[in-house]
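A.B. asks: For reference, the structure I am asking about is given below.
The values are calculated or read from the model by the stated rules, or taken from the named source; none is laboratory data. The model shown is predicted, which means the values in this text are computed figures rather than measured ones. Don't worry about glycine lacking a Cβ; one is built from the backbone with ideal geometry, like all the others, and counts go over all protein chains shown. Note: areas computed on protein heavy atoms with side chains; ligands, DNA, RNA excluded. Shrake-Rupley method; radii C 1.70, N 1.55, O 1.52, S 1.80 Å.
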Amino acid sequence: MIAHANFSKDIYSLNEAELFSKIQLELVNRYEVDPNLASEMAWDLIEVMSAVDGNLERFEKYFLH
């Protein structure tokens with residue numbers, strides 16, 4: 001059971017890193033936000049969604065086509 005939990009955290013971290021890249025890219029390309037600011041904004045959004053148990057996979061599917 002512990003191995004499964006650790007494995008899930010590793011996969012979640014990889015997905016989080018991919019999601020970060022996608023959010024940052026969207027902010028830079030779509031909204032012309034400075035890349036450094038977009039980086040901070042992307043991490044802040046991921047932190048907020050994680051804190052409220054937001055479904056990051058659904059966010060990626062429906063908002064980051």
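A.B. asks: Only one of Glu32, Glu26, Glu18 is on the phi > 0 side of the Ramachandran plot and either at pLDDT 80 or above or in contact with an Asp or Glu (Cβ under 6 Å, 6 or more places away or on another chain) (or both); which? Can you show your working first?
C.D. replies: Working: Glu26 fails: on the phi > 0 side of the Ramachandran plot; Glu18 fails: on the phi > 0 side of the Ramachandran plot.
None of the others qualify; the one that does is Glu32.
A.B. asks: State whether one or more residues within the stretch 23-35 are open to solvent by 100 Å² or more (accessible area, probe 1.4 Å) and not in a helix (DSSP H, G or I).
C.D. replies: Taking every residue of the stretch 23-35 in turn, at least one turns out to be open to solvent by 100 Å² or more (accessible area, probe 1.4 Å) and not in a helix (DSSP H, G or I).
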